[in-house]
Structure formats: structure tokens, C-alpha cells
Amino acid sequence: MSTTRLQERLLTCARVNEESGCWIWTGQISNTGYGRLTARDVQGRQRMQSAHFVSYEAFIGPVPEGMLVRQTCKNRLCFNPQHLEVFEVDGRNGS
């Protein structure tokens, strides 16, 4: 799927919170409270992925190996690329 089509697909599941600027995911939600959707991974396989992860890749670029994506706004349903950052997981304590 092209980046533009993926961006459009993501935006069809957005409800913008004018106050916070969050793009609230209105699609499927995981048991842990994060938005999720089926999308192709870097190997081209269809799999369930977090909406914020897919949004980062669609609007910003690939997530570097060994890095995770989190919302700086602390809203699990937000997938606004301006609210996303990559971070390295510390292998000693899992944070």
C-alpha cells in the first residue's frame, strides 16, 4: 500500500480533539487501550499493528531497528504524528 493511501486510511479513523490536537483513533482498540489495525510490516506481511506505530511510519518514516514509538501526549488512542516519538527500550528494566 502506498504511503498516501495508508495516510488516507488512517485519517478515516481520526476524530480530532481541537483542544489537545490529538488525533483520536476511532477504529479497533486493543485490550490494552491502543488503536490497532491490520497493515503490512517491513517484510510486506499483513499483521495487526498499533495505530500510532503505523502512523509514525506513514507520516514520518521507518521506525529504526530496536526502537519503539510512544505518544508524548500520553493518550493511548492518539496517532497524531506531531505527538509521536521514537525511543529505545532499556533492556535492563523494560522502559
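Values quoted throughout were computed directly from the atomic coordinates according to the rules given, and no laboratory measurement underlies them. Keep in mind that what you see is a predicted model, and the values were worked out from it rather than measured. All Cβ positions, glycine included, derive from the backbone under ideal geometry; neighbour counts span all protein chains shown.
Points worth noting:
- Hz values of 3J(HN,Hα) by residue in the stretch 66-80 - Karplus curve (6.51, -1.76, 1.60), Gly and Pro given as x: x, 10, 10, 10, 9, 8, 6, 7, 6, 9, 4, 8, 7, 10, 5
- Per-q log10 I(q)/I(0), the chain, q = 0.11 Å⁻¹ (Debye; single scatterer per alpha-carbon; no solvent): -0.30
- Between Gln28 and Arg36, the built amide H atoms are under 5 Å apart, and every one of these is 5 or more places off in sequence or on another chain.
- For the chain, the list of Cys residues with no other Cys C-beta under 4.7 Å reads Cys13, Cys73.
- Here the chain is assigned +1 on the Cβ of each Lys and Arg and -1 on the Cβ of each Asp and Glu. Its dipole about the Cα centre then comes out at about 360 debye.
- Between Thr72 and Thr38, the FRET efficiency estimated from the beta carbon spacing at R0 = 25 angstrom works out to 0.45.
- Rounded, prolate or oblate (a/c below 1.5 giving rounded, otherwise prolate when a/b exceeds b/c) for the stretch 1-47 by Cα gyration tensor: oblate
- Largest GNM mean-square fluctuation among Val54, Val16, Val42, using the chain with Cα springs under 10 Å: Val42.
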